[in-house]
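A short reminder: the numbers here are calculations on the coordinates, not readings from a lab. Keep in mind that this is a model prediction, so the values were computed, not measured. All Cβ positions, even for glycine, are placed from backbone atoms using ideal geometry, and neighbour counts span all protein chains on display.
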Amino acid sequence: MRAPLYGDVNKPGLYLVMMKWNPGWFSAPHSYATDRIQVVVSGTWWVNSGPDFAPQDAVPVPAGGFVKRAARTPHYDGVPRHVKEPVVVAVFGMGPVDLQLSDPDKPAWRRV
């Protein structure tokens, strides 16, 4: 679930989005055209970098944690199935983000 609070990720300029991740879901490896800053508001978010999907290797980022994604660096994130609570992440950056999947032939969201 995504709630835009300011700006638009697809238009030039600043944006702020709140994202809620439910347990059992990860994004597929992807990248953005611009840097992105994320702060975990509640719960624990699991993140990893690289073009290959290996959610078992993701590392936890607890509430209050900060993640900076560098432009065009493949990454993916989510919440493993065994975690009981969803996570809420505040996402800030400059648009347009121009999301690109590392493997566009596979789904953008993965059930884990």
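Could you tell me how many of the residues in the range 62-81 are over 23 Å from D8 (Cα atoms) and under 12 Å from the mean Cα position of the chain (by Cα)?
Step one: of the range 62-81, the residues over 23 Å from D8 (Cα atoms) are 62-65, 79-81.
Cutting the leftovers down to under 12 Å from the mean Cα position of the chain (by Cα) gives us 79.
Total satisfying the criteria: 1.
For the range 67-112, how many residues meet the condition of being under 20 Å from L5 (Cα atoms) and exposed (fewer than 14 other Cβ atoms within 10 Å of the Cβ)?
Within the range 67-112, residues that are under 20 Å from L5 (Cα atoms) and exposed (fewer than 14 other Cβ atoms within 10 Å of the Cβ) number 3.
Of all the residues that make up the range 8-36, how many are in a loop (DSSP other than H, G, I, E, B) and either among the hydroxyl-bearing types (S, T, Y) or buried (at least 16 other Cβ atoms within 10 Å of the Cβ) (or both)? Give the derivation first.
Here is the first cut: in the range 8-36, the residues in a loop (DSSP other than H, G, I, E, B) are 8-12, 22-24, 28-29, 32-35.
Subset that is either among the hydroxyl-bearing types (S, T, Y) or buried (at least 16 other Cβ atoms within 10 Å of the Cβ) (or both): 9, 23, 28-29, 32, 34.
Qualifying residue count for the region: 6.
Just one of S27, S31, S102, S49 is without any contact (Cβ under 8 Å) to a residue 60 or more places away in the chain and not aliphatic (A, V, I, L, M); which is it? Step through it out loud before you land on a result.
Numbers: S27 fails: without any contact (Cβ under 8 Å) to a residue 60 or more places away in the chain; S31 fails: without any contact (Cβ under 8 Å) to a residue 60 or more places away in the chain; S102 fails: without any contact (Cβ under 8 Å) to a residue 60 or more places away in the chain.
Within the list S27, S31, S102, S49, the selection yields S49.
What number of residues within the range 77-99 satisfy the criterion of being hydrophobic (A, V, I, L, M, F, W, C) and without any contact (Cβ under 8 Å) to a residue 60 or more places away in the chain? I'd like the intermediate steps shown before the answer.
Of the range 77-99, the ones hydrophobic (A, V, I, L, M, F, W, C) are 79, 83, 87-92, 94, 97, 99.
Now narrow it down to the ones that are without any contact (Cβ under 8 Å) to a residue 60 or more places away in the chain: 79.
Residues meeting the conditions: 1.
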